[in-house]
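Novice: Supplied in structure tokens, the structure appears directly below.
The values are calculated or read from the model by the stated rules, or taken from the named source; none is laboratory data. All figures in this text were calculated on a predicted structure; none of them were measured in a lab. Glycine also receives a Cβ, built like all others from the backbone with ideal geometry; neighbour counts cover every protein chain displayed.
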Amino acid sequence: MEIIKVKKDEKREIGLAKPGEYVVELVGEGAEVEIGGVFVGKGGEEKRVKIEIVHKVAHTRARTSLKGVAYDKAKVVFEGRIRVMKNCPDTNSFLTERILLLSDEARAETVPDLEIESDDVKCSHAATVSQIDEGQIFYLMSRGLSRKVAEEMIVEGFLGELS
């Protein structure tokens, strides 16, 4: 498990490059963090990411966005939790988990969670698991692209867009 601390008035961007367990602690007032991660599973791989964002003091901000793509028989699992400790007003924290399945045998699991022990906070989470819309594929193929190239473009757009 990797523990990352964000201190008073520190503004950080954290890129998660590999599956694993992460704890991000906002330990100083005015701490702000942007957390992002992109995970692609192919074959029979399993990509599992467990992240906990812990607001330990007041006046902190966090935005977390996890994206995954599962090909073949791969599985992508996101477990995300936002914790706001007691006496931490003026806290904002958002968690988004999005997974795109590219085969009928690919699997996904999203487990967003909130644990709030303070008042005057704004926290939310969202999770989606979907496949590529056939209408999008048809549109791109009607413009002369092969199905494979059309899928690649849609995946690239999915992974590149801001949440």
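Matching residues to (1) farther than 19 Å from PHE94 by Cβ; (2) surrounded by fewer than 21 Cβ atoms within 10 Å (Cβ to Cβ):
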| residue | (1), (2) |
| --- | --- |
| MET1 | yes, yes |
| VAL6 | no, no |
| GLY43 | yes, yes |
| ARG61 | no, yes |
| LYS73 | yes, yes |
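Novice: Shifting gears a bit: Can you tell me which residue is surrounded by the fewest Cβ atoms within 10 Å (Cβ to Cβ) among those in the stretch 80-97 that are among the polar types (S, T, N, Q) and assigned to a strand (DSSP E or B)?
Specialist: By that ranking, first place goes to ASN92.
Novice: Now for a different question. Could you pull out the residue among VAL155, VAL77 that is of a type in the set (A, V, I, L, M) and either in the same structural domain as ALA17 (by TED's automatic domain parsing) or within 30 Å of ALA58 (Cβ to Cβ) (or both)? Write out each step before concluding.
Specialist: On the way: VAL155 fails: either in the same structural domain as ALA17 (by TED's automatic domain parsing) or within 30 Å of ALA58 (Cβ to Cβ) (or both).
Criteria check complete, one pass: VAL77.
Novice: May I pose another question? Could you tell me whether the stretch 112-124 includes any residue that is without any contact (Cβ under 8 Å) to a residue 24 or more places away in the chain and under 22 Å from the mean Cα position of the chain (by Cα)? Full working, then the answer.
Specialist: From the stretch 112-124, those without any contact (Cβ under 8 Å) to a residue 24 or more places away in the chain are none; that's our starting set.
No; the residues of the stretch 112-124 include none that is without any contact (Cβ under 8 Å) to a residue 24 or more places away in the chain and under 22 Å from the mean Cα position of the chain (by Cα).
Novice: Give the residues of the stretch 9-31 that are assigned to a loop (DSSP other than H, G, I, E, B) and among the charged types (D, E, K, R), sorted by residue number.
Specialist: Residues satisfying the conditions are ASP9, GLU10, LYS18, GLU29.
Novice: Another question about this same structure. Among the residues of the stretch 50-70, is there at least one that is acidic (Asp, Glu) and not in a strand (DSSP E or B)? Talk me through it step by step, then tell me what you get.
Specialist: Step one: filter the stretch 50-70 for residues acidic (Asp, Glu), giving 52.
Adding the requirement that they be not in a strand (DSSP E or B) leaves none.
No; the residues of the stretch 50-70 include none that is acidic (Asp, Glu) and not in a strand (DSSP E or B).
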